[in-house]
Amino acid sequence: MSANRLDRINKRWAAVGIIWVLVLAVNYWNIGEMYRIREAREKKVFLTMDEQFLRAHSREIAESLKKREAFFDSAEALSLGLLTVESNLEELAARYRLTDVEVRSQSDQDGSGGIPVLFSCGGSLKGMVQCLEALRKDYAYMPVTKVTIEIEGRGAPAKCEIRLNYRYRIVRPEGQA
């Protein structure tokens, strides 16, 4: 073989090699584009499904959010919230004819939005149970954490100590920025 012919063969192999490198590069780019398009389609499908779900269940979601809000009392200041709690507990005690009512709260130590409240009273066992049921039903933002009831004898009034966790959120008054 002559050097000229060998040089032409080498040039042809070099051209074939360059073509194959270009083919492989285009192939890898094409695969990358396919993955990108597939991800975009999947994302679109999930977003469409989310949108359909939100449309179909918007009423239930709104009701759940409203129920969630019931687990926190909105107060302009912690002291005002605690005054409201004390007033509500005294009103409940009066409604169920409970006596010797005392409401105490501890300071907010960790800033978590919950304060332990101690509610103690005396009266009939039936009145205490009704009061506890009203607390559970009407004051979801004050869940009962512990109940202690003492009865000294038959026919004697019961003494009750209820530990609550007052959960609150501080809100700005309307009109203030």
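Nothing in this text is a laboratory measurement; each read-out follows from the coordinates by a stated rule. The structure displayed is predicted, hence computed values, not measured ones. Glycine gets a Cβ as well: all are built from the backbone with ideal geometry, and neighbour counts include every protein chain shown.
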Taking a crude spin-label model, label points 7 Å out from Cα along the C-beta direction, the residue 50 to residue 84 distance in nm is 3.4
Rounded to the nearest 10, the angle in degrees between the Cα long axis of helix 125-138 and the longest principal axis of the Cα atoms of the chain comes to 30
With label points set 7 Å from each Cα along the Cα-to-Cβ direction at residue 148 and residue 12, the distance between them in nm comes to 10.2
For residue 102 and residue 77, extending 7 Å from Cα along the Cα-Cβ vector and measuring point to point gives, in nm, a value of 2.7
Applied in sequence order to region 161-173, the curve 6.51 cos²θ - 1.76 cosθ + 1.60 (Karplus, θ = phi - 60°) yields integer Hz couplings, x standing for Gly and Pro, of 10, 10, 9, 10, 10, 6, 9, 9, 9, 7, 10, 7, x
Mean projected area, convex hull of alpha-carbon positions in region 3-56, reported to one decimal in nm², is 3.0
Bounding extents of the chain in its principal axis frame from Cα atoms, largest first in Å, are 124, 42, 33
Of the candidates 158, 9, 78, the farthest towards the positive dipole end of the chain (Lys/Arg Cβ +1, Asp/Glu Cβ -1, centred on the Cα centre) is 9
Tilt, helix 78-95 to longest principal axis of the chain (alpha-carbon atoms), in degrees rounded to tens, equals 50
Over all pairs of different Cα atoms in region 1-99, the reciprocal of the mean inverse distance gives a Kirkwood radius in Å of 21.8
Whole-Å distance linking the alpha carbon centroid of region 6-27 with that of region 69-104 is 86
The helix 58-69 Cα axis meets the longest alpha-carbon principal axis of the chain at an angle in degrees, between 0 and 90 and rounded to 10, of 50
Diffing region 96-101: the Karplus 3J(HN,Hα) column from phi (6.51, -1.76, 1.60, θ = phi - 60°), in whole Hz with x for Gly and Pro, holds 9, 6, 9, 10, 6, 6
Taking the chain and counting helices only, DSSP H stretches of n ≥ 4 at -39,500 (n - 2.57) each over all residues, the nearest-500 ellipticity at 222 nm comes to -19500 deg cm²/dmol
Rounded to whole angstroms and listed largest first, the alpha-carbon spread of region 73-170 along its three principal axes comes to 45, 23, 20
Filtering GluC sites (Glu not before Pro) in region 46-107 by DSSP loop and by at most 14 other Cβ atoms within 10 Å leaves 76
